[in-house]
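Engineer: One structure is given below, represented as structure tokens, and several questions about it will come after.
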Amino acid sequence: MDPIKEAMLHRSKAAKLERRGRWISFTCISIIVLVVVAIFSFVATRGLATFFDNKVNLWSFLSKTTWSPAVKDAHGAPQVGALPMIVGSFGVTFLSAIVATPFAVGAAIFMTEISPQVGKRVLQPVIELLVGIPSVVYGFIGLSVVVPLIRNVFGGTGFGILAGTFVLFVMILPTVTSMTVDALSAVPRHYREASLALGGTRWQTISKVVLRAAMPGILTGVVFGMARAFGEALAVQMVIGNAALLPQNLISPASTLTSVLTSGIGNTVMGSLENNALWSLALLLLLMSLAFNLLIRWIGKKGEMK
Amino acid sequence: MKKQVITSRDVHLFYGDFEALTGIDLAFNEHEITAMIGPSGCGKSTYLRILNRMNDLIPNVKITGDIELEGKNIYAPDTDVVQLRKQVGMVFQQPNPFPFSIYDNVVYGLRLAGVKDRAQLDEAAETSLKAAAIWDEVKDKLHESALSLSGGQQQRVCIARVLAVRPEVILMDEPTSALDPISSTQIENMLLELRSQYTIILVTHNMHQASRISDKTAFFLQGRVVEFDDTKKMFLNPKEKETEDYLNGRFG
Ligand SMILES: Nc1ncnc2c1ncn2[C@@H]1O[C@H](COP(=O)(O)OP(=O)(O)OP(=O)(O)O)[C@@H](O)[C@H]1O
Ligand SMILES: [Mg+2]
């Protein structure tokens, strides 16, 4: 057989490699998809069991304020009111985001507009360092510094939403800041030049053009920070007080979805109501992070269309 | 003799150690269009950006010489640069509207100056857009994004944005080089209309454009002005050999 014919009949080495590569990446993707689907369906079946098997009313789950799954109320219905944790989670999330955003935007403006040299050389590494610190360290600092401080200033135990907010604020600040920096530096230079050439001061240019043009990016950063705050368990658990009570003020012990989960998951028997109720909390968390994701995508789309 | 709005004497500019302008003497008459021509890299944009102090944004730039706007040195220490840029507006080579609505773009400069009165803003938007010959095309979509317009329309919105601030001088750095011939002609015609109220300084690579709309022309070469004269005179019989060679396309 002549060599050309032979080469045509056999698969070349490159083609073989290509096939193998495709096969490997396909396998990896399938495994990942399988794992994600498995997690979702597992959490969903467990979490929904509370409502279908244990006949807990969905509305009372979301709106009742007593969380003691082991105890039944006067009508014999289990007491799984998750409102205190829902309020706690949203409370620390929104408060920390509200506090962190102005700091993050201020720092980002400094780093991109006012002093990029100092920003790059000093602040950037600091931020990267802050991102890398494990959350237990933040929680530990919160427990030994923030909680006593609040106790001394405001009275009470010091545990509560305020302490949680403070710890989360420090934790999400680097995330929001670095995403805001990206958003600001992505604003084309010619917008700034146009504004200055029209007689805009530096501050007017930043506030009226740069921030406005970067708004979708900044919002995305804030939502990312909120998603992180909402899902953070360990550090919050250490400072929030872990009392499944509807918070009356910012310094009374409270709890979040995550803190109840981490402190309760080891003490329940699989398949029992107590266990199912925790899975319902987990399902709620999962749905919320999904919601944050959708929100981020939606903001991104809206930003693109302009 | 016409009033001279801007005069510059012996202007040198250094980017670090590189001397990009080596002693420029020019004067710009009120209500005239002055064209600046010359091969790429000869310093036209650099000189233009001196006149509204946009070079201040670039680090390591050193400028010497005397540049006066209506008899006042614009590089004097007490110069209000923000005020200067309101008097000397600039249109860039690439259309650069803000990612806002057409209306917000046009009234941007007025809002910076603190104008809040809606009627006044509306009126300014309309007159500026009309002067920039784009009112008819955008009057029904003032609140749509300026980025949805074509390049030529965007450039005219940018011109309207400058006109709204009522500058005395308008600097234009190759305002039509990114546009198609029809859009370019529209803008050229508009500039001829604007000449009665504004002093216009225009950088262009288009000899036909320079000869058609400008009153005077300055020919730049390697950081100096070779020849500066009435456009007709210069194009019909240039005094310098270098100018003649450039106009005949022998180099550049
Ligand atoms: N920011 C800068 N830093 C250093 N050198 C610069 C800078 N800007 C321009 N130059 C140099 O100064 C010289 C003049 O540049 P300029 O942009 O003024 O030319 P131009 O005449 O406008 O050219 P073109 O017709 O291509 O726009 C060039 O040699 C250029 O390399
Ligand atoms: Mg140029």
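Only the coordinates and a few stated rules stand behind these numbers; no lab work does. As the structure is a prediction and not an experimental result, all values here were calculated from the model. Glycine gets a Cβ as well: all are built from the backbone with ideal geometry, and neighbour counts include every protein chain shown.
Engineer: In the structure displayed, which of B:K3/B:K232; A:K208/A:K301; A:K208/B:K130 lie more than 28 Å apart, Cα to Cα? Provide the component values of the computation, followed by the final result.
Structural biologist: Numbers: B:K3/B:K232 20 Å; A:K208/A:K301 22 Å; A:K208/B:K130 25 Å.
Where the Cα-Cα span goes over 28 Å, no listed pair is concerned, since all stay within it.
Engineer: Build a GNM of chain A with springs between Cα atoms under 10 Å: which of A:A97, A:A194, A:A227 gets the top mean-square fluctuation?
Structural biologist: Looking only at A:A97, A:A194, A:A227, the biggest GNM fluctuation is shown by A:A194.
Engineer: Looking at chain A as a GNM with Cα springs under 10 Å, which of A:Q79, A:Q124, A:Q248 has the largest mean-square fluctuation?
Structural biologist: A:Q248
Engineer: Using a 10 Å cut-off around each Cβ, can you sort B:E188, B:E70, A:E128 from fewest to most neighbouring Cβ atoms? All intermediate terms of the calculation are to be shown ahead of the outcome.
Structural biologist: Working: B:E188 19, B:E70 14, A:E128 11.
So the ranking, lowest neighbour count to highest, is A:E128, B:E70, B:E188.
Engineer: Could you work out Rg/(2.2 N^0.38 Å) for chain B, with Rg from alpha carbons only? Kindly include the intermediate steps, with their values, before the conclusion.
Structural biologist: Working: Rg = 18.2 Å, N = 252, 2.2 N^0.38 = 18.0 Å.
Taking the Cα Rg and dividing by 2.2 N^0.38 Å, one obtains 1.01.
Engineer: Which value does Rg/Rh take for the stretch B:1-138 over its C-alpha atoms, Rh per Kirkwood?
Structural biologist: Working: Rg = 17.5 Å, Rh = 17.3 Å.
Reported Rg/Rh, Kirkwood definition of Rh: 1.01.
Engineer: Distance check, please: which entries in B:K44/B:K216; A:K302/B:K116; B:K86/B:K116; A:K120/B:K86; B:K2/B:K216 exceed 23 angstrom between their Cα atoms?
Structural biologist: On the way: B:K44/B:K216 15 Å; A:K302/B:K116 28 Å; B:K86/B:K116 18 Å; A:K120/B:K86 33 Å; B:K2/B:K216 13 Å.
With Cα atoms farther than 23 Å apart: A:K302/B:K116; A:K120/B:K86.
Engineer: Using a 10 angstrom cutoff on alpha carbons, build the Gaussian network for chain A and name the most mobile of A:L246, A:L184, A:L287.
Structural biologist: A:L287
Engineer: Take the Cα pairs of chain A, get the Kirkwood Rh, then feed it into Stokes-Einstein at 10 °C and 1.306 mPa s and tell me D in µm²/s.
Structural biologist: Once the numbers are plugged in, D ends up at 70 µm²/s.
Engineer: Okay, moving on. By per-residue mean of other Cβ atoms within 10 Å, what is the highest-first order of B:235-248, B:97-110? Each step should come with its number before you reach the end.
Structural biologist: Numbers: B:235-248: 15.1, B:97-110: 23.4.
Going by the mean number of other Cβ atoms within 10 Å, highest first, we get B:97-110, B:235-248.
Engineer: Moving on. Which cross-chain or sequence-distant (5 or more) residues have an amide H under 5 Å from the amide H of B:L221, H modelled 1.01 Å from N in plane?
Structural biologist: So B:L221 has HN proximity to B:V226.
Engineer: Another question, then. Note down, for the stretch A:1-53, the three equivalent ellipsoid semi-axes (square root of 5 times each alpha carbon gyration tensor eigenvalue), biggest first, whole angstrom. Walk me through the intermediate numbers first.
Structural biologist: Details: eigenvalues 498, 13, 3 Å².
One finds semi-axes of 50, 8, 4 Å for the stretch A:1-53.
Engineer: Can you tally the net charge around B:L129? Count Lys and Arg as +1, Asp and Glu as -1, for every other residue whose Cβ sits under 15 Å from the Cβ of B:L129.
Structural biologist: Values: positive: B:K130, B:K139, B:K141, B:R156, B:R161, B:R166; negative: B:D104, B:D122, B:E123, B:E126, B:D136, B:E137, B:D140, B:E144, B:E193.
Combined, the nearby Lys, Arg, Asp and Glu give -3.
Engineer: Name the aspartates and glutamates eligible as straight-distance cross-link partners of B:K239: C-alpha to C-alpha under 12 Å, and not fewer than 8 places from it in the same chain.
Structural biologist: B:E227, B:D229, B:D230
Engineer: Mean Kyte-Doolittle of at least -0.5 and a Cα length of 18 Å or more along the axis: which whole DSSP H helices of chain A meet both?
Structural biologist: Details: long enough: A:13-52 (57 Å, 1.12); A:83-109 (38 Å, 1.84); A:161-185 (34 Å, 1.76); A:211-231 (29 Å, 1.15); A:273-305 (48 Å, 0.87).
What comes out of the filter, once short or polar helices are dropped, is A:13-52, A:83-109, A:161-185, A:211-231, A:273-305.
Engineer: What ranking of A:T157, A:T268 emerges when the number of other C-beta atoms within 10 Å of each C-beta is taken as an exposure proxy, fewest first?
Structural biologist: On the way: A:T157 14, A:T268 17.
Lowest to highest Cβ neighbour count: A:T157, A:T268.
Engineer: From the square roots a ≥ b ≥ c of the eigenvalues of the alpha-carbon gyration tensor of the protein assembly as shown, which class results: rounded (a/c under 1.5), prolate (a/b over b/c), or oblate?
Structural biologist: On the way: a/c = 2.76, a/b = 2.04, b/c = 1.35.
Cα axes put the protein assembly as shown in the prolate bin.
Engineer: Given R₀ = 25 Å, FRET efficiency for A:L294-B:E144 by Cβ-Cβ distance, to 0.05?
Structural biologist: Values: r = 27 Å, r/R0 = 1.09.
That pair, A:L294 with B:E144, gives E of 0.40.
Engineer: Tally Lys and Arg at +1 and Asp and Glu at -1 over the other residues with C-beta under 11 Å from the C-beta of B:L57: what net charge comes out?
Structural biologist: Working: positive: A:R189, A:R192, A:R202, B:R49, B:R53; negative: A:E193, B:D56.
Value of the local net charge: +3.
Engineer: What does the structure give for A:209-221 when I average, per residue, the other chain Cβ atoms found within 10 Å of the residue Cβ?
Structural biologist: Numbers: counts 4, 0, 0, 4, 3, 0, 1, 0, 0, 0, 0, 0, 0.
Mean partner-chain Cβ count within 10 Å for A:209-221: 1.
Engineer: Which whole number gives the average, over all residues in B:93-100, of C-beta atoms from other chains lying within 10 Å of the residue C-beta?
Structural biologist: Values: counts 1, 2, 2, 9, 3, 9, 9, 5.
Whole-number average of other-chain Cβ neighbours for B:93-100 is 5.
Engineer: Given charges of +1 on the Cβ of Lys and Arg and -1 on the Cβ of Asp and Glu, with all other atoms neutral, how large is the dipole of the protein assembly as shown about its Cα centre, in debye to the nearest 20?
Structural biologist: Working: 52 positive and 47 negative charges, 348 e Å.
Charge dipole of the protein assembly as shown: 1680 debye, to the nearest 20.
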